[in-house]
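Colleague: One structure follows; several queries about it will come next.
Bear in mind that the values in this text are calculations on the coordinates, not laboratory data. The shown structure was predicted, so the numbers you read here are calculated from the model rather than taken from an experiment. Here the Cβ is made from the backbone with ideal geometry for all residues, glycine too, and neighbour counts use every protein chain on show.
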Amino acid sequence: MKKYQIILISVFGALVLLIVIGRLTNALQYYSVPTKSNEPTFKTGSHFLASNLFKPQRFDFICYKSTAPEYEKQTWFHRVCGMPGDIVEIRNGDLFVNGKNSDGPLNLKKLYVIPYAIAINLDFEEGEAIPLPGDSILAPLETIKQKDIIQKCRLYIDSKEDPAIHSTFGKPWSPYNFGPYTVPANTYFVMGDNRYRSMDSRYNGPVEKKNYLTTLF
């Protein structure tokens, strides 16, 4: 057997062994993205690796086992927006952590009221654009990538109490006006980057550290 063949077989064997050990210990996991909850950062169908060798920091993504009754034991992943002890608040659609606006550096998807004259030149996925009375539509925009367009639009805010949020927190909050809420010890407050289309801690409560599987990289 030639030397390069031996090297290739050795490398392949090492990779297989690493994957097997990783799967057994959560040291290395491979996932694909099944939903739109973290767009635009993670597109549906994209892939990533994850590991439990790194402790998550604020605004890292983590994987965890869902505790929502209808999705129990499914593996979900969201961005850590609140560490234990942090005060999390959403004011008119913007996230504040310990009193500081924390959405600015992130390219997120949020809903906007868009004048039809602007919307006609934009591409939306089927079903994303909802016509409104008058000359505007309701549709998602990317907060950094489409910043120039957003300046001519209005962020959509629905302050009506959300029954699911009330059931979890016992407060008359909505996804757009939430908190202030102090993240309990040994938990993370997670949110999807697709803020209008994510079942996250706003609805299901914080994620217990023991339930988190891996930090993405």
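Colleague: Quick one: go through region 71-110 and flag any residue whose amide nitrogen is under 19 Å from the point 7 Å out along the Cα-to-Cβ line of LYS145.
Modeller: Under 19 Å, as judged by backbone N against the label point of LYS145, lie 78-79, 103-110 of region 71-110.
Colleague: Here is a follow-up. Could you line up CYS81, CYS63 from fewest to most neighbouring Cβ atoms inside 10 Å?
Modeller: The most exposed by this proxy come first: CYS63, CYS81.
Colleague: Hey, another quick one. What are the ³J(HN,Hα) values, in whole Hz, obtained from phi via the Karplus relation 6.51 cos²θ - 1.76 cosθ + 1.60 with θ = phi - 60°, for each residue of region 130-137 in sequence order, with x given for Gly and Pro?
Modeller: Coupling constants for region 130-137: 10, x, 10, x, x, 10, 9, 10 Hz.
Colleague: In addition: Excluding GLY170 itself, what net charge comes from residues whose Cβ is under 13 Å from its Cβ, given Lys and Arg +1 and Asp and Glu -1?
Modeller: Summing Lys/Arg as +1 and Asp/Glu as -1 gives -1.
Colleague: Quick one: LEU28, LEU141, LEU155, fewest Cβ neighbours within 10 Å first, how do they rank?
Modeller: Working: LEU28 19, LEU141 22, LEU155 15.
Placing the least packed residue first, the sequence is LEU155, LEU28, LEU141.
Colleague: To continue, here is another question. In µm²/s, what is D for region 43-117 at 4 °C and 1.567 mPa s, where D = kT/(6 pi eta Rh) by Stokes-Einstein and Rh is the Kirkwood radius from Cα pairs?
Modeller: 85 µm²/s
Colleague: Oh, and also: How high is the FRET efficiency between PHE96 and TYR30 when r is their beta carbon distance and R₀ equals 45 Å, given to the nearest 0.05?
Modeller: Approximately 0.85, to the nearest 0.05.
Colleague: What is the calculated FRET efficiency for LYS152 to TYR71, with r their C-beta to C-beta distance and R₀ = 45 Å, to the nearest 0.05?
Modeller: That pair, LYS152 with TYR71, gives E of 0.75.
Colleague: Where does the Debye-calculated log10 I(q)/I(0) of region 109-155 sit at q = 0.25 Å⁻¹, using only Cα point scatterers of equal weight, no solvent?
Modeller: -0.89
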